[in-house]
1. Phe30 is checked against (1) within 30 Å of Pro148 (Cα to Cα); (2) touching a Pro at 6+ places or on another chain (Cβ under 8 Å) and fails just one. What number does that condition carry?
2. Within the bounds of the stretch 162-182, is there any residue that is under 17 Å from Met136 (Cβ atoms), touching a residue at least 12 places away in the same chain (Cβ under 8 Å) and surrounded by 13 or more Cβ atoms within 10 Å (Cβ to Cβ)?
3. Of the conditions (1) under 18 Å from the mean Cα position of the chain (by Cα); (2) surrounded by fewer than 19 Cβ atoms within 10 Å (Cβ to Cβ); (3) aliphatic (A, V, I, L, M), Leu138 fails just one. Which one is it?
4. What single numbered condition from (1) under 16 Å from the mean Cα position of the chain (by Cα); (2) farther than 20 Å from Glu100 by Cα fails to hold for Ala128?
5. Assess whether Met44 counts as being at pLDDT 95 or above, within 20 Å of Lys21 (Cα to Cα) and crowded, with 19+ Cβ neighbours inside 10 Å.
6. If a residue counts only when it is within 25 Å of Leu3 (Cβ to Cβ) and modelled with pLDDT of 95 or more, which helices (runs of 4 or more DSSP H) contained entirely in the stretch 112-191 have at least 2 such residues?
7. Go through the stretch 1-18 and report how many residues are over 21 Å from Ser63 (Cβ atoms) and either in contact with a Cys (Cβ under 7 Å, 6 or more places away or on another chain) or surrounded by fewer than 18 Cβ atoms within 10 Å (Cβ to Cβ) (or both).
Amino acid sequence: MSLVLIIIGITVLISFSVENKPELKEKLLFIPYQIKHQGEYQRMISSIFIHADINHLVFNMISLYFLGNLFEQQMIQIYGVQLGSVNFLLLYFLGGVAAEIYPFIRHQNDVYYRSLGASGAVSAVIFAAIFWNPTMDLFLFFIPIPIPAYIFGPIYLAFEYFSMKSGKTNIAHDAHIGGALFGILFVLLLNSNKGIEFFEAIF
């Protein structure tokens, strides 16, 4: 069984198991204040496995299923089963943690700030897949035509940046950006030529 399916299964199980258990869910949330002042660093991982609602969960897991499967298989084909699997796990979980660095810096003294979800980790996977496969076509739920990955990537980052600046939603756009940047960095560390290929696809 693929790592992607295992991660999805565990995430769905944990998300549903805490749905009607607010006290348990509170212990798993990403709370920068608690991390800084109480040393509860496990929240940086535990928060990846819980979601706000069914729509939040489904959107993240569908995105992870399609692009995560692609990137996991490519890692295994190139680096072998063991190293390829390790690469994917590092991308997902370190990407999730990296996505929380900027929100942590911004909110470390805010006792009320809370966030949750796998969006940062999934964003890391999406952008690793995009940078590894810049000419592949992506299909979005609300756009019925294929979009080349090298076009989708910059547009997505621009959208997240301006959404973050507007500050009018409860979505952690800063975490999405952090995850995306980690995914790009991860690919460049594995194969610096992928950066050249990406910009060649654009120009």
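1. (1)
2. Yes: the stretch 162-182 contains one or more residues that are under 17 Å from Met136 (Cβ atoms), touching a residue at least 12 places away in the same chain (Cβ under 8 Å) and surrounded by 13 or more Cβ atoms within 10 Å (Cβ to Cβ).
3. (2)
4. It is condition (2) that Ala128 fails.
5. yes
6. Working: elements: 119-132, 149-166, 173-190.
Qualifying helices (runs of 4 or more DSSP H): 119-132, 173-190.
7. 1
For every residue, the table says whether it meets (1) aromatic (Phe, Trp, Tyr); (2) under 24 Å from Ile14 (Cβ atoms); (3) touching a Gly at 6+ places or on another chain (Cβ under 7 Å).
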{"site": "Gly96", "(1), (2), (3)": "no, yes, yes"}
{"site": "Glu100", "(1), (2), (3)": "no, yes, yes"}
{"site": "Pro103", "(1), (2), (3)": "no, yes, no"}
{"site": "Tyr113", "(1), (2), (3)": "yes, yes, no"}
{"site": "Asn133", "(1), (2), (3)": "no, no, no"}
{"site": "Asp137", "(1), (2), (3)": "no, no, no"}
{"site": "Ile145", "(1), (2), (3)": "no, no, no"}
{"site": "Ile155", "(1), (2), (3)": "no, no, no"}
{"site": "Asn170", "(1), (2), (3)": "no, yes, no"}
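The values are calculated or read from the model by the stated rules, or taken from the named source; none is laboratory data. Quick caveat, the model's predicted, so the values are computed rather than measured. Methodologically, a virtual Cβ is constructed for each residue, glycine included, from the backbone with ideal geometry; neighbour enumeration extends over all protein chains shown.
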